[in-house]
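The values are calculated or read from the model by the stated rules, or taken from the named source; none is laboratory data. In this text, all values refer to a predicted model and were calculated from it rather than measured experimentally. Cβ placement follows ideal geometry from the backbone for every residue including glycine, while neighbour counts extend to all protein chains displayed. For accessibility, only protein heavy atoms count, side chains too; no ligands or nucleic acids. Shrake-Rupley method; radii C 1.70, N 1.55, O 1.52, S 1.80 Å.
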Amino acid sequence: MVSADTILQGVNVLGAVGPEHKKILTPDALAFLTLLHRSFNATRKQLLERRKIRQAELDKGVLPDFLPETKHIRDNATWKGAPPAPGLVDRRVEITGPTDRKMVVNALNSDVWTYMADFEDSSAPTWDNMINGQVNMYDAVRRQLQFKQGPKEYKIRTDRTLPTLIVRPRGWHLEEKHVTVDGEPISGSLFDFGLYFYHNAFEAVKRGFGPYFYLPKMESHLEARLWNDVFNLAQDYIGMSRGTIRGTVLIETILAAFEMDEIIYELRDHSSGLNCGRWDYIFSVIKKFRQNSNFVLPDRSSVTMTVPFMDAYVKLLIQTCHKRGVHAMGGMAAQIPIKDDKAANDKAMEGVRADKLREVRAGHDGTWVAHPALAAIASEIFNKHMPTPNQLFIRREDVSIGQNDLLNMNVPGKITEEGIRKNLNIGLGYMEAWIRGVGCVPINYLMEDAATAEVSRSQLWQWVRHGVTTAEGKKVDKAYALKLLKEQAAELAKGAPQGNKFGLAAQYFSGQVTGEDYADFLTSLLYNEITAVGSASPASKL
């Protein structure tokens with residue numbers, strides 16, 4: 001085998017490397033990342049170009065449909081995904097959150113079945129967050145995660161089996177600018193996946209689970225094929241049996257909804273199912289059809305899981321997964337307990353119960369919560385209505401979903417000034433925190449992450465672009481949007497600590513809500529604000 005020193009020629013680390021990072025950024029681990037980059041980055045960039053071509057078609061009014069060239073895959077009832085892996089048979093309640101040390105301890109100590117440690121939408125990808133997150137994953141897999149914060153000591157419970165750990169790397173579109181290979185940044189996806197897999201794959205298997213991942217933001221089965229190729233090379237490289245890795249794909253783009261069968265097919269031996277990423281899915285519908293006036297949606301609060309296009313998406317996902325023998329995971333309950341208002345808290349928790357009841361009755365095999373306090377509610381509902389470890393036997397053969405169902409924008413509701421201000425508050429609040437390196441933010445007793453901020457700014461852009469009129473009779477144009485933005489930014493800054501970033505957030509946001517410029521992702525737009533690129537350190541010298 002070629003030596004690490006030879007492979008690492010042309011590889012540089014531009015982020016600060018502390019003593020605690022040495023066990024992660026080893027020459028062998030960096031050589032593995034380099035191999036992944038050189039093997040797959042060209043394909044990744046081609047797939048991103050393909051997204052642009054597809055967007056240009058959508059802008060011209062071409063609507064997505066099920067692919068004729070893969071009809072044979074959809075129509076063949078005999079192929080299946082992999083049987084559930086150890087620790088993934090029963091996933092009835094999953095908790096999600098960023099990879100900071102305190103969150104990881106609290107999540108692993110929660111009464112849930114699995115924990116998705118998130119390097120993506122609930123993490124701002126500062127170098128410290130990403131590399132410290134890898135340290136925390138290393139320690140979590142080995143059950144040696146503990147630390148003190150003031151007088152309080154945090155450590156993982158040892159009196160019971162811990163939730164199965166699943167890691168979500170960043171999407172294909174994001175880069176990690178603090179590591180360069182041959183003069184270009186490494187993919188954020190490959191960086192997050194590669195470091196976690198290289199250090200923890202064998203250790204995870206030894207402890208009764210395995211290297212498990214959530215795969216975000218995909219727009220086609222070809223992007224799933226790339227992940228499968230990455231998985232195969234990674235397993236071969238370290239001498240692990242193919243099929244040990246498992247990936248659950250978040251169906252959070254409207255284009256991926258038309259390719260669910262194909263996505264599972266591409267990942268067959270590595271598939272652990274699909275998940276309904278509800279907020280990103282709504283964001284994707286607005287984003288992809290932003291030039292089409294037939295896709296204008298009302299206030300975010302009106303776009304519930306029971307409106308036609310969301311209901312169709314859920315039914316098709318469950319039917320597809322169960323036909324292929326893999327899990328169909330439900331969506332996020334983002335509520336946070338309201339400690340000082342019992343009536344408001346009771347109402348919010350009743351909403352959680354209703355949502356989880358809808359999911360389990362529809363046939364989902366599990367659901368997500370953002371806060372440990374919601375785990376008991378979700379568990380109670382799923383335990384009562386799902387006495388088996390999953391519902392793979394519920395085939396949903398009553399379901400017949402076509403193109404028109406997935407694109408049915410008959411959504412009752414209005415566009416209101418209150419809805420505009422809420423979107424501005426969420427967008428500004430999230431972006432301000434993100435620029436400070438915080439990736440999930442409690443706003444109005446909901447845990448908001450990048451997906452909800454994306455819905456907020458995309459709706460504002462869409463409403464201005466198509467000149468909608470609010471329920472109050474006001475035409476939503478550029479001047480009106482910028483006026484309300486200025487008011488909300490001033491109000492938020494007034495109540496925020498000294499040194500807040502609301503001015504900078506408003507500056508970025510103002511370019512995104514006028515129906516003109518539209519960044520592909522807020523995270524890409526803001527990324528340079530949180531990079532701390534220093535002088536290059538050759539990877540071979542670390």
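A few points about this structure:
- All C-alpha to C-alpha distances of the range 83-166, sorted into 10 Å bins beginning at zero, yield P(r) values of 18, 49, 29, 4, 0 percent in whole numbers.
- Using distinct alpha-carbon pairs, which all enter the 1/r mean, Kirkwood radius of the chain in Å: 23.9
- Debye log10 I(q)/I(0) for the range 243-373, one point scatterer per Cα, at q = 0.10 Å⁻¹: -0.37
- Rolling a 1.4 angstrom probe over the chain with all protein chains present gives an accessible area of which 51% lies on carbon and sulfur atoms.
- With θ taken as phi - 60° and the Karplus curve 6.51 cos²θ - 1.76 cosθ + 1.60 applied, the whole-hertz 3J(HN,Hα) list for the range 338-348 is 9, 6, 9, 8, 4, 4, 5, 5, 4, 5, 5 Hz, x standing for glycine and proline.
- Sorting the segments 114-124, 177-187, 140-150 by their mean number of nearby beta carbons within 10 angstrom, highest to lowest, gives 114-124, 177-187, 140-150.
- Accessible surface computed residue by residue for the range 56-178, with neighbouring protein chains in place and a 1.4 Å probe, gives 41 Å² per residue.
- On a per residue basis, the convex hull of the C-alpha atoms belonging to the range 288-356 measures out at 132 Å³.
- Dipole of the chain computed with +1 at Lys/Arg Cβ and -1 at Asp/Glu Cβ about the Cα centre; of 372, 141, 256, farthest Cα towards the positive end is 372.
- Relative contact order (percent, whole number), the chain, Cα cutoff 8 Å, 6+ residue spacing: 19
- In the range 373-465 the Cα-Cα distances spread across 10 Å bins starting at 0 as 12, 25, 25, 30, 7 percent of all pairs.
- Residues residue 537 and residue 304, FRET efficiency given R0 of 41 Å [Cβ-Cβ distance, rounded to 0.05]: 0.25
- Peptides 440-450, 71-81, 93-103, ordered by how many other C-beta atoms sit within 10 Å of their residues on average, highest first, read 93-103, 440-450, 71-81.
- Cα pair count fraction exceeding 25 Å, expressed as % - the range 179-292: 29
- Of the GluC sites (Glu not before Pro) in the range 462-538, the ones in a loop by DSSP (not H, G, I, E or B) with at most 16 other beta carbons within 10 Å are 472, 516.
- Whole-Å distance, taken between Cα centres, linking the range 172-199 and the range 300-364: 33
- Normalised by the number of residues in the range 432-542, the average gap of Cα pairs under 8 Å and 6 or more apart makes the relative contact order 32 percent.
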